[in-house]
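Questions regarding the structure given below will be posed in turn.
The values are calculated or read from the model by the stated rules, or taken from the named source; none is laboratory data. Everything quoted here is computed from the prediction, not taken from an experiment. As a convention, Cβ positions derive from the backbone with ideal geometry for all residues, glycine included, and neighbour counts pool all protein chains shown.
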């Protein structure tokens, strides 16, 4: 079998430590909120029956957890993108197809018959 190797060259990510720490912090925030949800269900289950509009607290809190996770995902992505840009890299391959086409076009312009 032939090994073709990697198709692109990736740069080192200098923002890995920041992104890992950010991920842990955001996980802990979510875990605390989720832990509160569980604690209320165990210690004071009657609170979950309280109506909030046409829904009860359990439904509202559950949807809130889902929405919190989605919001945290967008925040994490945005902050990591900023960190990568600040570090001077965006994990893009060294040579993209557009760069290769530009190089091919510039070398073929000077040749007769092309």
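Before we move on, is residue 48 touching a residue at least 12 places away in the same chain (Cβ under 8 Å) and more than 24 Å from the chain's Cα centre (by Cα)?
yes
Each row is one residue, and each column tells you yes or no for (1) exposed (fewer than 10 other Cβ atoms within 10 Å of the Cβ); (2) modelled with pLDDT of 95 or more; (3) at positive phi.
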residue	(1), (2), (3)
6	yes, no, no
10	no, no, no
15	no, no, no
22	no, yes, no
55	no, yes, no
62	no, yes, no
72	no, yes, no
78	no, yes, no
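Sticking with this one: Which one of these does residue 84 not meet: (1) over 30 Å from the mean Cα position of the chain (by Cα); (2) modelled with pLDDT under 95?
Of everything listed in (1) over 30 Å from the mean Cα position of the chain (by Cα); (2) modelled with pLDDT under 95, residue 84 misses just condition (1).
Conditions (1) closer than 21 Å to residue 81 by Cα; (2) assigned to a loop (DSSP other than H, G, I, E, B); (3) touching a helix residue (DSSP H, G or I) at 6+ places or on another chain (Cβ under 8 Å); (4) without any contact (Cβ under 8 Å) to a residue 24 or more places away in the chain, marked per residue:
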| position | (1), (2), (3), (4) |
| --- | --- |
| 9 | yes, yes, no, no |
| 13 | yes, yes, yes, no |
| 22 | yes, no, yes, no |
| 29 | yes, no, yes, no |
| 32 | no, no, no, yes |
| 36 | no, no, no, yes |
| 40 | no, no, yes, yes |
| 60 | no, no, no, yes |
| 65 | no, no, yes, no |
